[in-house]
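Only one structure is covered here, and it is reproduced in the block below.
Derivation of every value follows stated rules applied to the coordinates shown; laboratory data play no part. Model, not experiment: these values are computed from the prediction. Positions of Cβ are generated from backbone atoms using ideal geometry, with glycine treated the same way; all protein chains shown enter the neighbour counts.
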Amino acid sequence: VVHFVCPQSRPCPAFSPAMPAAAAGGLPAELARLAATFPSEPKAKFLELHRIYHFDEDFVECFTINHGDLTADRVVVFQEYLARQRAPPQQRESAGPQSTGTAEAPVAPKRRPPGAANAAMALPGGVGAALGRTEAPSQAQEATTPCPKRRREAMGNDADGEAQVPSEAKQEESTVSGGTPDPPPRPSRSVALKTSVNSAALMKPLSDAGDRPAVEVQLLGDSALWSGSRHGCYEWMDEALEERSAHLNERLSVLEGKVAEAMCIKYQDGEDRPAVGTIGRPSQAEVVLCGRVACEGLEGKLNERSILLEGSRASTSVRLSLTECRALAAFPGQVVGVLGRSGMSGGTFHAREFLPGLPLETAGGSSAPSGTRPLHMMVASGPFCLRNGLDYAPLERVLEHAVREQPQVLVLMGPFLDSNNQKVVAGDPMLPHDKEPCSFEEIYKRVILPTLATGLAPLRRANPPTEVFLVPSLDEVLCFHPMPQPPLDASLDLEASAMGRLKQMGIRFLPNPAHLLIDGLRVSFSSADALSPILRDFVLRPEGRKIDEALRLLLWQRTLFPVLPREPVQVSEARAAALDFPDAVVPDVCVFPSIVGVPTGNFVEQTVFVNPGTVCRPAALGSFAEFWVLPGASTSLATGVVPLRERTRIDIQSLS
């Protein structure tokens with residue numbers, strides 16, 4: 001028998017009495033995270049095994065390759081595995097699955113000669129999975145290859161050139177399979193770190209589930225903006241064009257007054273403050289104008305020579321000449337201030353200074369709170385299945401990762417059933433292993449909601465429990481409201497029993513967008529892309545980092561979706577105040593998926609922007625985000641608080 005052994009494989013690491021335990025008897029980082037997922041009794045057994053055998057992460061990896069994942073109910077199997085690995089090679093080959101070890105000093109196994117049978121050898125780094133191994137091969141089940149050519153030559157040939165195989169070899173060959181093993185099964189989806197921001201400066205905090213502090217969460221904003229009397233939802237299809245225009249001008253008139261005041265303060269010369277003019281009224285004196293940026297051509301693309309400044313309903317519009325401005329950052333719908341003079345006819349305003357919104361120093365907000373313990377949050381955005389099917393295995397992987405990591409806050413943003421899914425668009429929503437299509441309501445009741453309930457149950461049973469939030473999406477197949485969207489339990493309009501289990505578990509349903517106060521930290525969430533609409537028609541001078549500048553303008557406009565005409569178009573103007581930052585205070589953390597760039601984190605001003613990506617892209621698996629905000633109290637700084645950018649770590653996890 002010829003044993004199929006990878007030339008680069010290695011056996012399990014040899015036990016050594018000199019192998020030290022990390023941190024004076026403590027567990028290494030990876031083992032500590034694994035032990036934190038066990039209940040108290042298996043965890044105590046795991047710690048006792050580490051004290052006896054002094055194993056490290058390599059032993060756990062070898063056990064996982066040969067025997068499957070190490071869970072709480074398999075700690076006894078892991079003990080038997082450690083005992084067999086500690087035994088000498090002769091005993092190791094004859095030891096059965098019931099053999100156990102004693103607490104004596106481990107003995108390093110003797111090195112086997114090259115080419116010797118090594119049935120107990122574990123293959124690290126995924127080699128075992130590539131060879132189709134799911135457990136350690138035994139003598140009764142060995143991976144074999146056909147009889148090699150050199151062996152046939154060694155047996156000798158007869159006159160006809162046929163190999164003379166001894167009877168013992170024939171008998172041996174008849175007891176083994178006559179070929180290479182079947183192709184290995186496709187490996188299951190796993191989670192791996194894709195990118196990390198601030199990982200060099202900040203280590204990932206380690207804490208047991210019992211040591212996690214409970215978080216205090218408060219929903220900000222006026223709930224009347226996204227709720228109503230019709231099953232908890234508002235009515236929106238009767239919004240007239242004049243009503244929409246009136247609400248847009250109302251917001252403009254409020255914001256342009258604040259921008260004009262900031263403009264006058266910024267360019268005040270001693271006791272002289274520039275006067276505030278009226279758009280469309282000629283003035284030879286230098287004045288300040290405030291209004292909304294618009295494109296001169298209805299179908300054209302915004303550029304420096306096609307920018308109009310529109311005032312509120314009390315005024316008209318004027319063409320802007322911005323050649324004298326040192327810097328420029330503009331997009332359609334932006335409320336800005338300019339300082340300059342009108343032309344002779346009054347149709348053009350020659351500006352020498354350009355203010356792209358309301359500066360942050362006039363917001364009246366405070367810096368992010370320092371806190372006393374780290375805050376761990378995890379955010380995943382749909383779709384949760386590939387576009388050509390309805391397999392929700394990626395959602396299960398995300399929930400499994402959440403159970404392992406035990407975040408304090410978990411936010412799942414839709415779509416949970418994507419309206420752009422090919423099976424949904426074709427009107428053939430057939431679930432895996434089903435022979436007949438089913439309705440959209442059945443998919444929620446049979447697959448999505450049970451998967452969420454099963455995967456989130458361990459998080460809610462933890463002490464303290466993880467706070468779990470669900471946010472709807474404009475692409476949700478059964479959610480028809482524009483933004484602000486009512487919470488998922490109201491907009492789906494399913495039977496009360498369908499959502500009953502999630503509500504009993506304490507899962508909270510949020511509107512879209514949602515603004516939360518988590519342990520004093522202001523966090524804004526949206527399942528819609530707030531960055532792409534700005535960059536689609538963006539004028540920037542001098543050229544720089546467009547993404548950072550676009551994110552800065554979101555803060556200066558005090559809203560997530562300032563672009564006009566609206567993008568996304570599904571916005572109820574009568575309730576558009578729900579899109580603004582509550583109390584005009586910019587958030588400390590802002591989270592939304594975007595197709596621009598790659599999933600990552602950005603620090604702009606004093607705000608952290610997180611782009612988690614989507615769990616599933618159209619034809620491939622995607623990503624989700626985890627981030628930690630560490631305590632930031634400082635006695636050496638004037639503010640007493642370390643800046644948020646210096647104490648926030650963002651990890652982008654990818655599914656494969």
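Students often get this wrong, so check it: of Lys266/Lys546; Lys194/Lys546; Lys258/Lys546; Lys45/Lys503; Lys423/Lys546; Lys194/Lys435, which have C-alpha atoms separated by over 31 Å?
Pairs exceeding the cut-off: Lys45/Lys503; Lys423/Lys546; Lys194/Lys435.
Could you sort the peptides 342-352, 506-516, 222-232 by per-residue average Cβ neighbour count (10 Å cutoff), highest mean leading? Intermediate values should be presented prior to the final figure.
Working: 342-352: 16.0, 506-516: 22.6, 222-232: 14.2.
Answer by packing, highest mean first, reads 506-516, 342-352, 222-232.
Modelling each spin label as a point 7 Å along the Cα-to-Cβ direction, I'd like the Thr323/Glu239 distance in nm, to one decimal.
According to this spin-label approximation, the distance is 4.1 nm.
Where nothing but the Cβ of Lys and Arg (+1) and of Asp and Glu (-1) is charged, how large is the charge dipole of the range 499-656 around its Cα centre, in debye to the nearest 20?
So the magnitude is around 320 debye.
How much length is gained if the chain between Thr316 and Ala619 is pulled fully straight, taking 0.36 nm per residue apart and subtracting their Cα-Cα distance, in nm to one decimal? Numbers along the way, then the final one.
Values: separation 303, 0.36 × 303 = 109.08 nm, distance 4.84 nm.
Result: 104.2 nm gained on full extension.
Which residue, Val477, Asn463, Pro450, has the largest displacement toward the positive end of the dipole of the range 444-567 when charges sit on each Cβ (Lys, Arg +1; Asp, Glu -1)?
Asn463
Can you compute the modelled spin-label distance between Ser283 and Met505, with each label point 7 Å from Cα toward Cβ, in nm?
Once both label points are built, they end up 6.0 nm from each other.
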